[in-house]
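The values are calculated or read from the model by the stated rules, or taken from the named source; none is laboratory data. Only a predicted model underlies this, so the values are computations on that prediction, with no experimental measurement involved. Note: ideal-geometry Cβ built from the backbone for every residue, glycine included; neighbour counts use all protein chains shown.
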Amino acid sequence: MTRLEPGDLAPAFTLVDDQGDRVALRSYKGTPVILYAYPAAMTPGCTTQACDFRDSLASLTKAGYAVLGISPDPVAKLAEFREIDHLTFPLLSDPDHKVLEKYGAYGEKKLYGKTVVGVIRSTFVIDAQQRIERAMYAVKATGHVAKLRRDLGLD
């Protein structure tokens, strides 16, 4: 599995979001993007992380960032997740995990001491020229957004 490094060109993608709209990374050219990969909507850790991004969205947006979540969940499940937790940013569906694989966010990982294959909770900061500024793999759901905000100088 290839991992992205700062300076790499962010892999291009077009995916369907929780509202059924097609979202292309290229449409964000000129805007820095925080793309975060999570394993499954409406699970405890993923809900914590999504709500942390939701609660930090105003300061992230004020600093110029767009936030996108990506998981292999189907669009209908993402729509339910967005509604239940009042999420205010797009959630992208990557059911065949091709985009997740391009970002190095899908593969072998440890889960409760066992090796499994799945989404590796990761966050990517993509600059306005669509290059990777930060690639963070195997992040924790709890406290990650606060750490990211500190790393970006937003606290």
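Name the single residue that is nearest to E108 (Cα to Cα) among those in segment 15-49 being touching a Phe, Trp or Tyr at 6+ places or on another chain (Cβ under 8 Å) and assigned to a loop (DSSP other than H, G, I, E, B).
Of everything passing the filter in segment 15-49, A41 is nearest to E108 (Cα to Cα).
Does any residue in segment 123-141 that is in contact (Cβ under 8 Å) with a residue 60 or more places away in the chain and crowded, with 18+ Cβ neighbours inside 10 Å come within less than 8 Å, Cβ to Cβ, of a residue that is among the polar types (S, T, N, Q) and not in a strand (DSSP E or B) six or more places away or on a different chain, and which pairs are these?
From segment 123-141, the pairs are A141/T48; A141/Q49.
Can you pull out the residues in segment 66-78 that are touching a residue at least 40 places away in the same chain (Cβ under 8 Å) and more than 20 Å from G45 (Cβ to Cβ)?
Answer for segment 66-78, where residues must be touching a residue at least 40 places away in the same chain (Cβ under 8 Å) and more than 20 Å from G45 (Cβ to Cβ): just V75.
Does E108 satisfy the condition of being assigned to a helix (DSSP H, G or I), among the charged types (D, E, K, R) and over 14 Å from Y65 (Cβ atoms)? Walk me through how you get there before you give the answer.
On the way: assigned to a helix (DSSP H, G or I): no; among the charged types (D, E, K, R): yes; over 14 Å from Y65 (Cβ atoms): yes.
When the stated conditions are applied, E108 does not pass them.
Give the number of residues within segment 79-105 that are of a type in the set (F, W, Y) and either assigned to a loop (DSSP other than H, G, I, E, B) or at pLDDT below 95 (or both).
Result for segment 79-105: 2.
Consider only pairs whose beta carbons are under 8 Å apart and that are at least six residues apart or on different chains; among these, list those whose first residue lies in segment 15-31 and is more than 13 Å from A128 (Cβ to Cβ) and whose second residue is exposed (fewer than 11 other Cβ atoms within 10 Å of the Cβ) and not hydroxyl-bearing (S, T, Y).
Short answer, once both residue conditions are applied: L15/R22; V16/R22.
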